[in-house]
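**Student:** Below is the structure I would like to discuss, written out as structure tokens.
The values are calculated or read from the model by the stated rules, or taken from the named source; none is laboratory data. All values reported here derive from a predicted model rather than from experimental measurement. Glycine gets a Cβ as well: all are built from the backbone with ideal geometry, and neighbour counts include every protein chain shown. Side chains are part of the model used for accessible areas, which takes the heavy atoms of the whole protein and leaves out ligands, DNA and RNA. Shrake-Rupley method; radii C 1.70, N 1.55, O 1.52, S 1.80 Å.
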Amino acid sequence: MTIASPIWSDRAGISRVCPNAHRFATQLLFAALALGGAVAEPAPAAFPLPGADGALDEFDNLHLVQSKVTGKERLIVGDIHGFLHVYEKREGSYQEIWISEYFEGPVSGIFVTDINNDALEELVVYTEDGRFYFLDIEDYNTIWSNPPNDYEHISSMYVYNVDDDAQEELIFVADGKLIIFDGQDRFEEWRSDEESLQATYILVGDVDGDGADEIILNDGYIYDARYRDLEWQSSQSFGQRMGLLDVDGDGILEVIGEFGDRFLRIFDIDLRRMKSPRR
């Protein structure tokens with residue numbers, strides 16, 4: 001059996017980022033081998049920054065883009081103080097060309113996607129303190145932001161089209177609830193009945209083999225992505241970070257979680273259990 005490279009959360013030009021990705025990817029591959037699989041050659045890193053090394057392609061608050069106006073590379077960085085910085089590569093070094101106004105909380109993540117279905121990519125920036133902003137990707141003007149008092153705290157966010165309409169949705173955990181937010185019409189489509197969610201990592205994929213996507217929260221909750229039903233609440237978390245991979249060749253993705261001690265655990269969501277390695 002051949003196992004393809006891990007499915008990360010990069011879909012349709014959306015970059016989900018996490019630290020130490022190269023080590024995590026290696027662990028995923030060893031986990032696959034431990035379960036009897038052969039591993040296909042992994043895809044090259046998606047962060048073509050000359051001179052860079054390590055896991056820059058997986059940082060939540062760092063994104064590399066190419067300006068359609070100047071044709072030059074730009075590095076976009078969010079900081080803990082609530083500001084967004086843009087650096088442009090000029091004469092071999094990155095020079096700061098823009099800094100945002102205060103975003104009312106530490107910047108937690110940056111996405112590049114067509115969030116409002118206008119055939120143009122935007123920057124989506126969210127903060128720990130409950131704010132998210134849609135910015136023009138060239139001049140960084142704010143297109144729209146949610147009101148200051150909508151949410152007090154956002155612990156994680158993901159961007160994905162969960163209902164097959166024309167636009168992406170924001171999927172995030174705020175104030176203990178899972179929220180699905182329409183990026184085009186800018187309204188909250190749905191929120192969970194559960195009020196004590198603490199997820200810091202979100203993925204979307206078909207992890208039970210029913211032909212439909214699920215929303216996977218790393219604190220152990222699995223939701224149907226289309227109908228938003230709670231399908232399973234695990235008695236244990238899925239780790240600090242997660243990857244999706246068909247480890248055993250049964251045609252169904254497993255959830256592979258990395259825990260604080262850097263060990264991996266593999267979960268069969270369709271069987272509602274943690275997988276045991278072959279001996």
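**Student:** List the residues whose amide H sits under 5 Å from the amide H of PHE238, counting only those 5 or more places along or on another chain, with H placed 1.01 Å from N in the peptide plane.
**Tutor:** When sequence neighbours closer than 5 places are left aside, the close amide H contacts are ASP219, GLY220.
**Student:** Same structure again: Give me the percent of Cα-Cα pairs in region 161-244 that sit more than 14 Å apart, rounded to a whole number. Intermediate values should be presented prior to the final figure.
**Tutor:** Details: 2120 of 3486 pairs.
Tail of P(r) above 14 Å: 61 percent of Cα pairs.
**Student:** Would you mind working out the accessible area per residue for region 44-199, using a 1.4 Å probe, and quoting it in Å²? Working shown, then result.
**Tutor:** Working: 7310 Å² over 156 residues.
Solvent-accessible surface per residue comes out at 47 Å².
**Student:** I've got another one for you. I'd like the carbon and sulfur percentage of the solvent accessible area for region 106-257, probe radius 1.4 Å, heavy atoms only, ligands and nucleic acids excluded.
**Tutor:** Ligands and nucleic acids excluded, carbon and sulfur give 40 percent.
**Student:** Could you sort the peptides 246-256, 74-84 by per-residue average Cβ neighbour count (10 Å cutoff), highest mean leading?
**Tutor:** Working: 246-256: 19.4, 74-84: 17.3.
Highest to lowest by the protection proxy: 246-256, 74-84.
**Student:** Could you estimate the translational diffusion coefficient of region 83-126 from the Stokes-Einstein equation, with Rh from the Kirkwood formula over C-alpha pairs, at 10 °C and 1.306 mPa s, in whole µm²/s?
**Tutor:** 130
**Student:** Now, a different point. Viscosity 1.567 mPa s, temperature 4 °C: give me the Stokes-Einstein translational D for region 210-279 in µm²/s, with Rh taken as the Kirkwood radius over C-alpha pairs.
**Tutor:** 104
**Student:** Further question: How big is the gap, in Å, between the Cα center of region 89-122 and the Cα center of region 187-232?
**Tutor:** 28
**Student:** Here's a follow-up. Ordered by residue, what ³J(HN,Hα) values in Hz, to whole numbers, does region 55-71 give under the Karplus form 6.51 cos²θ - 1.76 cosθ + 1.60, where θ = phi - 60° and Gly and Pro are x?
**Tutor:** Karplus-based 3J(HN,Hα) across region 55-71 equals 10, 4, 5, 10, 7, 4, 10, 9, 9, 9, 9, 10, 5, 6, 8, 9, x Hz.
**Student:** Okay, moving on. Hey, what's the per residue convex hull volume over the C-alpha atoms of region 49-123, in cubic angstrom?
**Tutor:** Hull volume normalised by residue count: 112 Å³.
**Student:** On the principal axes of its Cα set, how long, how wide and how thick is region 97-226? Give whole Å, largest value first.
**Tutor:** 47, 31, 23
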